[in-house]
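Undergrad: The following block contains the structure, expressed as structure tokens.
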Amino acid sequence: MITGATGGIGASVAELLAARGNDLILVGSSADRLAKVTHSLASGAGAQTRGFHPAAASDEPSSRVHTLVLNLAQPRRIEAALADASLPDRLDGIVHSAGVAELGRVAELEADQWIDQLMVNLAAPAELTRLILPALRAARGHVVFVNSGAGLHANPLWGAYAASKHGLRALADALRLEEPDLRVTSVYPGRTATEMQRKVRTQENASYEPGAYIEPGTVARVIVDAIETPRDAVITDVTVRP
């Protein structure tokens, strides 16, 4: 399962894992964007795709790539959405790649801007992980949290975003100790050439120069390497810098 699968790091992870023959559940907020990603993966790897829905015929051929529309800004509704999704009983892993960023001084950011970032970047990963824990336990699976350099250090204007990512680090550390049969990895990328970075640079009143940043595919390779690490070891934390 990959959240934020319609672009950036999430889409790159999906591409790498699909090329390796993995069954995927791609999670995003837009059905149209999910359809574009799954079509691209199907065209590249010859995979079939379909969306999860409760009325799916039981004798339908198994598909490699599935889609699941979730609004991670409303984590209280995730449980009901998953109840209608007919998810598998076993999940080898989840990559939490979805995220939002809204920069501003503590003196300027309003409550909604804090809440939006805390919901998407922290509460939603916690709730989604909680709900799929039985399937992860059944497979002794792997949970990957795509964090940020802001999850290690907070800079001016980054207070709310950094708070959400510091919380995500705490979530990962607690989960690792509470679920010893699971592998838990936090990945801390520096500035990466994504649409979110383009928005961030606009908020910073600076130009967006993708060549100066990490390619999403490079971060995806780090994530996939962590997932494919043999069972006798786990990569708990990894920082990736331009």
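The values are calculated or read from the model by the stated rules, or taken from the named source; none is laboratory data. As the structure is a computational prediction, the values presented were derived from the model and not from experiment. Positions of Cβ are backbone-derived with ideal geometry, glycine not excepted, and every protein chain shown enters the neighbour counts. Quick note on the areas: whole protein, heavy atoms, side chains included, nothing else; ligands and nucleic acids left out. Shrake-Rupley method; radii C 1.70, N 1.55, O 1.52, S 1.80 Å.
Undergrad: Restricting attention to segment 208-230, which residues are modelled with pLDDT of 95 or more, in a loop (DSSP other than H, G, I, E, B) and open to solvent by 40 Å² or more (accessible area, probe 1.4 Å)?
TA: Scanning segment 208-230 gives Glu215, Glu228, Pro230.
Undergrad: Are there any helices (runs of 4 or more DSSP H) wholly within segment 1-87 with 3 or more residues that are open to solvent by less than 70 Å² (accessible area, probe 1.4 Å), more than 23 Å from Glu228 (Cβ to Cβ) and at pLDDT 90 or above, and if so which?
TA: In segment 1-87, 31-45, 78-83 are the helices (runs of 4 or more DSSP H) which contain 3 or more residues that are open to solvent by less than 70 Å² (accessible area, probe 1.4 Å), more than 23 Å from Glu228 (Cβ to Cβ) and at pLDDT 90 or above.
Undergrad: On to the next question. Can you name every residue in segment 103-123 that is among the hydrophobic types (A, V, I, L, M, F, W, C) and either more than 17 Å from Ala172 (Cβ to Cβ) or in contact with a strand residue (DSSP E or B) (Cβ under 8 Å, 6 or more places away or on another chain) (or both)?
TA: Leu103, Val106, Ala107, Leu109, Ala111, Trp114, Ile115, Met119
Undergrad: Would you check which residues across segment 176-196 are buried (at least 20 other Cβ atoms within 10 Å of the Cβ) and part of a helix (DSSP H, G or I) and list them?
TA: none
Undergrad: Please go through segment 92-133 and pick out each residue that is touching a residue at least 40 places away in the same chain (Cβ under 8 Å) and over 15 Å from the mean Cα position of the chain (by Cα).
TA: Listed by number, the residues that qualify are Glu102, Leu103, Gly104, Arg105, Val106, Leu109, Gln113, Trp114, Asp116, Leu131, Leu133.
Undergrad: Let me ask you something else. Determine whether segment 106-119 contains at least one residue that is in a loop (DSSP other than H, G, I, E, B), closer than 21 Å to Phe145 by Cα and open to solvent by 50 Å² or more (accessible area, probe 1.4 Å).
TA: no
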